[in-house]
1. What are the principal axis extents of the Cα atoms in chain B, in Å, biggest first?
2. Report the relative contact order of chain A, percent, no decimals, based on alpha-carbon pairs under 8 angstrom and at least 6 residues apart.
3. Suppose R0 equals 30 Å; then what is the FRET efficiency for A:ALA36 and A:ALA87 from their Cβ-Cβ distance, rounded to the nearest 0.05?
4. Count neighbours as other Cβ atoms within 10 Å of each site's Cβ, and list the GluC sites (Glu not before Pro) in the stretch B:39-128 that are DSSP loop with at most 15 such neighbours.
5. From the C-alpha coordinates alone, can you work out the Kirkwood hydrodynamic radius of the protein assembly as shown, in Å?
6. May I ask you to work out the translational diffusion coefficient for chain A at 37 °C, viscosity 0.692 mPa s, via Stokes-Einstein with Rh from the Kirkwood sum over Cα pairs, reported in whole µm²/s?
7. Would you list which lysines come within 27 Å of A:LYS5, measuring only between C-alpha atoms, while excluding same-chain residues fewer than 8 positions from it?
8. Give the order of B:HIS258, A:HIS80, B:HIS51, B:HIS65 when sorted by the count of other beta carbons within 10 angstrom, beginning with the fewest.
Amino acid sequence: MPDAKPVRVPQETVNDERVRLVRWRVEEGAPVEPGAVLAEIETSKSVLEVTAGEGGFLRRAASEGDWVPVGGVFCYLTVHADDPVPAAEAGAKTEGPAFSRKARALLEKEGVDPAAFSGMGMVREEDVRRHLASASAKGVRREPLSARKRSENAALSGGGANALRSLAALRCSEEAYRRAVERAPAFEATPSGLILFEAARTLKEFPLFNAYYADGDAAYYDGVNVGFVVDGDRGLRVPVIHGADSKTEDETAREIQDLLLAYHEDELNVERLSGGTFTITDLSGEGVTRFDPLINAAQSAILGVAAPEGGSFELCLAFDHRLHEGRSAAAFLHVLKSRITARA
Amino acid sequence: MDDRSEDRLRAALLIRAVETRLLSLYAEGRLNGTVHTCIGQEYSGIAVAEHLRPEDRVVSNHRCHGHFIARTGDAEGLIAELMGRPQGVCGGRGGSQHLHKDGFYSNGVQGGIAPVATGMAYELFRRGQDGIVVVFLGDGTLGEGVVYESFNLASKWSLPVLFVLENNRVAQSTPQRQTLAGGIDARAAAFGIATGSGVTWKPEALITAAGEAVARVRAGKGPFFLRIDTDRLNAHSKGDDDRPAAEVAKLRERDPLHAIRAAEPELYDRLEEEARLRVEKAVEAAEKVPEGGEDFEDADGWRGVSWSAAPGGEKARAVVRINQALADALKADERVSLFGEDLEDPYGGAFKATKGLSSAYPGRVRNTPISEAAIVGMANGAALAGGRPVVELMFGDFMALAADQWINHASKFGYMYGDSVAAPFVLRTPMGGRRGYGPTHSQSLEKHFLGLPGTRVLALNARFDPREFYKRVFASLDRPTLVLENKLLYGRPLDAPLPAGFSLEISDEAFPTIRLSPDAGADLTLFCWGDALDEAERAAARLFEEEEIFVEIICSTALYPFNAAPLAESVSRSGRLLTFEEGLSFSSLSAEAAAALAERGVLKQFSRLASARRPIPSSKVLEVRSLPDAAAIVARAKELLDA
C-alpha cells in the first residue's frame, strides 16, 4: 500500500472540466479523520465540500484559488506526517517562447539551448535554422579549456548541455553612478546605456566573457555584440548593438534609442535581434535589488543591473561556470565598476 | 340628450367621419396601404376611454382608429399619419395599424400586444405607479396562444390590466362559428380573471359596464376581462366582405348611430356635418405637406478601430461574473427587474446565472410560467412603461417561441412610433451544443435574429469579462438587446492562460472585437464569435504547434450592428479568411462578414466551417461529428493554405 493516497477532484457536474479550489479546511500536514471536510471546491454550479474517504495526514498538492482538473489530485493523505508525496503534476505554466513541434525536434537534435530564443514569442523550425546558420557564420576561434576546467565541468554538468550557472554581485555607489551619467549627457535618456558602453570595453579586457562553452572548448567571438533586454508591451526582446566596443558614446546612445523605437513600433528584425555575444538586463526600474538572470544561448555571461538600496545598487553577473569562476567574475565586475565610478 | 351623451355622439361621429373619408381617400388613390375600419364598433373605444386617466395606457390592434381617436382626440394626427405625412403621429412610418401618441400604442400583428400590455401593467404595478393598462383584442385573436400566456401571467401576478375583447363574430372573412370552440368569457374565467360584458348597440349600459371594469382594475383587484359584443359594418379591410348583404343590413339596423339619428335627427346632422368639416380640414392640412421628408441613413457600421492590450482575466467563472453583473444592475437601477423561467432561489436559474438574486432583491427577480412569448412580450411592455427589464430564456432554441415579440414588436417600436419611444430591455439566452441535449436544446440560432434595425445582438466570450460587458450593456441600453451566452461558457474560467506565444488585444468599440495574435505575421485569419472562441484558440495553438501555421483570431462581441472593419484589417494582412461558427452557415453572420469583406475587395481566399446541415444529434459521437471543433479548424486551415 502506498504511503501517499491521492485525493482527486470528484466529477460533480457534467459542465465542468475544472473546478476551483476555494478554501482549505485542514492545515498542511494536519491529521484528518475519515469523513472530515478537506476543502471547498467551486464548480460551475455551486461550492461543495470535499471529504476524506479515509484518515491520514493531509498533504496539499494545490493552493487556494488554483484550478484543478476534474479527476486531478488536489491533495494526498499519508500514513505518516512526513511520508514523501509525489512532486506536483506537470503542466504548470511555462515561461518563454512557444516552440512548434518541428522546432523543438530540431533544437533537441542540434543541442541548442531554448533560451537562445528568449526574445521571441513563437519559434518555428525556420527560426531555429536561422539561428544555427547565424551561429555558425559568426567568426569564432576555439581554444581548448584547461584540464582543470574540463574535469570540473564533467563533475558538475553530468553531461547536460546547459550552462552551470553561477552568480557574482558587486555593489556600486548610486551617487557615483548618477554623477557619471550626468557627465555623459548622451546617456541622459537611457542611463543604463553608460553601463552597456563600459561593459563593452570591459569585455575587450576579458575576452572569455565574450565567449561561450562548446563541447569542451571555449568559443571566442571576434566581435563584441552586446544585447540588452527590453520587456514592455511588445513582449520580451533582446535587441543587439553590434560592435559595441568600437562605438562612441553618442553612437551607442543613438543606437539604443533606435532599437527601443523599433521595439515599440514592433519593427525589430531578426538581424537586430541576433548575433549577441553578451547581454545586459536592467531591472532597476522594477525595484529588484538582486537577481540571477538567465544566460542566453551561445553566451557565457549576462549582466544584471539591480535597483538601488541604501545608497548603492548591485551589478549582478550570472556566468557559466564551465568557462568562468567566482574570481574572474569578480575581476570583471571590479573593472566595470571602476570604469563607471572613474567618470564620476 | 345630456351633455355627456352628446360628447360621446360627437366622438362616434368623428370616428365614423374619419374612417369614411379614409376609405374614399383610398378609393381616390390618395392614401397608401391598407385601412381596417371600425365602423359600427365606435362605442367600444368611447365607452372605455371615458373612464381613463392621463396616466393610463391603451394598447390596441390593427383596427385601432376608433380607440385612438376616443383616447387622444387627435383626428388630425391620425389622418396625416395614414396619408403618410411627416406631421402624422408617427411621421407617416406607422400608418393605419401602428399608432402611438402619449400612452397609446397599436400594432398590427395579432395577439402579441397582449403580453406587451401585461408587461406595461407589470412595470407600473411593480413600481407602485398610478395607472392601468387597457388592451383591445378582437375575437379573431382568441386563436393566438400568447393571449392565454398573458391571461395567465396577468392573473397570477394580479396585474392592473383590462382585457377588452371586441366580439364582432368575424375574423377577416371567417365567421366565428368556424373557428371558435368553447366559450369566450370562459377562457378568461379559466385563468381566474373576473369577466363582464356589454354591447355597443346599448351605449349607456356599455359605458356603465366599462366603468365598473376600469374601476375594478384600478382598485388593484387584478386583471379584468370585458367582452364587448359589437358589429363590424364594413369589410375587414376593403372589398373583402363576403357576408350576405342581408346579414350586414340587419346589423346596420341595430347600429347605435342609426338609432340616434332616428331619435334626434337635427342634433345628429349638425354633429355629423361638424365632423365632416373637421375631417375635410384635416385632409387639406395633411396634403399641404409633402410625403417622405425623412432622411434615410444607411450606414453599414464600418469603422476602423484601435487596439489595446486586453486586461488579465478575472479569477472566476463566466457565470459568476454574469451573476455579479446582474446584481450590479439590480443594485444600481430601480428600473431593472429580472424575470424568466426558474430564476428564483434556491434554484437560481438553469445555469445558475441568477443564483442569490431573488433573495437579495425580493420581488424584483421572478419566476414565470413556461411562456417564452409572454416573457419577451412583457419585457417589451415593461420597457415601454419605463422599466429596464432583463429576461432570460432558458435555452436559445426557445427564441423561436418569442420570435414575434423580437421581430414584430421589439425591433419595430422605435422606428414605427416615430423614434419617440423605444423598448430598452435585455434578453439573455444561452446558445450552443456539445452537451448532448439534442436537436432542440443545442442550436445556435442567432442568425435568425440578426439584421433587424432597431435591435442589438451581442455575444459573450471568455476573453472579455462578462461583468464589464453587462455594465456596458446597461450603460448604453437604448433598445432591445439580445445577449447570447453559451452553455459551455458559463463554467469557463476567465483567467485561462492564452495559447503560448499569442497576445490578446481588444478594440476600442463599446462592445469590443477580440484579437488574438501570434507574434509574427499571420498566415490566416480565423473569425468567430461567442464561445466558439474557445475551440478557435485550441485550433490556433495546434496549428502553430503541429503545422507552423500562424493564425490570428478575430472574435466579435457585437453581432448586430456589425462592424466588419477589424476583420477586414486582419484579412488584408493575412490574405486568408476562415470563418468558424457552431450554427448553420447558410445566410449566417459568417456569410455576412464575408460579403462585407468581398464588397470592399478584401476577400481573396475564404472558407467556412459550421454545423453539419442537419439537426444536432444527441448521440455523443454523432454530435461531435456534427459540430465543428478545433480539429476541424486545423484540417480546414491546412487545406486553405495548401490551396
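Bear in mind that the values in this text are calculations on the coordinates, not laboratory data. In this text the structure is predicted, and so the values were computed from the model without any measurement. Note that each Cβ is placed from the backbone with ideal geometry, even for glycine, and that neighbours are counted across all protein chains shown.
1. That gives 94, 54, 44 Å along the principal axes, largest extent first.
2. Value for chain A: 16 percent.
3. 0.75
4. Details: sites: B:GLU42, B:GLU50, B:GLU55, B:GLU76, B:GLU81, B:GLU123; in loops: B:GLU50, B:GLU55.
Loop-located and lightly packed - B:GLU55.
5. 34.1
6. Approximately 141 µm²/s, per Stokes-Einstein.
7. Here the lysines satisfying the reach criterion relative to A:LYS5 are A:LYS93.
8. On the way: B:HIS258 16, A:HIS80 10, B:HIS51 20, B:HIS65 30.
The most exposed by this proxy come first: A:HIS80, B:HIS258, B:HIS51, B:HIS65.
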